[in-house]
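The values are calculated or read from the model by the stated rules, or taken from the named source; none is laboratory data. Everything numeric here is computed off the predicted structure, so don't read it as measured data. Positions of Cβ are backbone-derived with ideal geometry, glycine not excepted, and every protein chain shown enters the neighbour counts. Just so you know, the surface numbers come from the protein's heavy atoms only, side chains and all, with ligands and any DNA or RNA stripped out. Shrake-Rupley method; radii C 1.70, N 1.55, O 1.52, S 1.80 Å.
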Amino acid sequence: TRYSSLAWVLLRGKCSFVLQRACRLGEDNSIRVSFDRKEEVNCRRIHISGIMGQKNGVLKHTYKSGATYVGEFKSDLRHGKGTYKTTEGHCYQGEWKNDLRDGTGTFTYVQPSKDNPLVSSWAGSYEGEWKNNKKHGKGVYKYLNGDIYRGQWKSDKKSGKGLYKMSNGDTYKGDFKNNMFDGTNIFTQSNKSVILRLSSIMA
């Protein structure tokens, strides 16, 4: 039997610590994490399998840039559910497929605070569907100025049916294409509805 050291393992139990010389390399090159009896009482058993050197299972990883990812890996790729946070503080929490944002998830944007550039403040968020790392499907985008868009997306752009509500209460409901109002839309202002034909106006 050969042994290898595992730098870190994310535990879902009551304890959290670094495991050293706690994983066994089997004949099929699978890594099996084992705990002694006392540790099994406080921690849930974790099984990690795959080619030696690849990340598999639920782990935490820190990139050279300083960004971090906590979640599921498959064959060294982010795959499943996980949370990615950049050094600036931007954060994506949701589903991944082959190292790309894919499925449902929330991306929160931040910006340096005016009072203290070392402190980040909320600057907008998107919650909804993703495909190949882009907003795609149904989703809600909340802007820093208070505007909100609820509707369909295609390749990171507002496309399809949607509702755009401005911070002053005015709303546009109808068709969007490539981030622009397109076709027949209903514009509501001060409780008055007007049907407009809009095209090539940035949303």
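Val119 - would you say it is among the aliphatic types (A, V, I, L, M) and loosely packed, with under 14 Cβ neighbours inside 10 Å?
yes
Taking the listed residues Ser125, Ser159, the one that is polar (S, T, N, Q), open to solvent by less than 90 Å² (accessible area, probe 1.4 Å), under 30 Å from Lys55 (Cα atoms) and modelled with pLDDT of 95 or more is Ser125, with no other qualifying.
Is it the case, given these coordinates, that Thr83 is part of a strand (DSSP E or B), surrounded by 14 or more Cβ atoms within 10 Å (Cβ to Cβ) and in contact with a His (Cβ under 9 Å, 6 or more places away or on another chain)? Write out each step before concluding.
Values: part of a strand (DSSP E or B): yes; surrounded by 14 or more Cβ atoms within 10 Å (Cβ to Cβ): yes; in contact with a His (Cβ under 9 Å, 6 or more places away or on another chain): no.
No: the conditions fail for Thr83.
Say whether the condition of being more than 12 Å from the chain's Cα centre (by Cα), farther than 27 Å from Trp122 by Cα, surrounded by 16 or more Cβ atoms within 10 Å (Cβ to Cβ) and at pLDDT 95 or above is met by at least one residue in the stretch 66-73. Within the stretch 66-73, one or more residues are more than 12 Å from the chain's Cα centre (by Cα), farther than 27 Å from Trp122 by Cα, surrounded by 16 or more Cβ atoms within 10 Å (Cβ to Cβ) and at pLDDT 95 or above.
For the stretch 94-121, enumerate the residues that are modelled with pLDDT under 95 and not small (Gly, Ala, Ser). Within the stretch 94-121, Gln111, Pro112, Lys114, Asp115, Asn116, Pro117, Leu118, Val119 meet the criteria.
Considering the stretch 169-203, the residues that are under 19 Å from Ile148 (Cβ atoms), open to solvent by 80 Å² or more (accessible area, probe 1.4 Å) and outside any strand (DSSP E or B) include one that is modelled with the highest pLDDT, namely Asn191. Listed here are the strands (runs of 3 or more DSSP E) enclosed by the stretch 108-168 that have at least 2 residues being touching a Leu at 6+ places or on another chain (Cβ under 9 Å): 120-131, 148-154.
Here is a yes/no grid of residues against (1) buried (at least 16 other Cβ atoms within 10 Å of the Cβ); (2) touching a residue at least 12 places away in the same chain (Cβ under 8 Å); (3) more than 22 Å from Tyr164 (Cβ to Cβ):
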{"residue": "Asp76", "(1), (2), (3)": "no, yes, yes"}
{"residue": "His79", "(1), (2), (3)": "yes, yes, yes"}
{"residue": "Gly103", "(1), (2), (3)": "no, yes, yes"}
{"residue": "Phe107", "(1), (2), (3)": "yes, yes, no"}
{"residue": "Asp115", "(1), (2), (3)": "no, no, yes"}
{"residue": "Glu129", "(1), (2), (3)": "yes, yes, no"}
{"residue": "Lys135", "(1), (2), (3)": "yes, yes, no"}
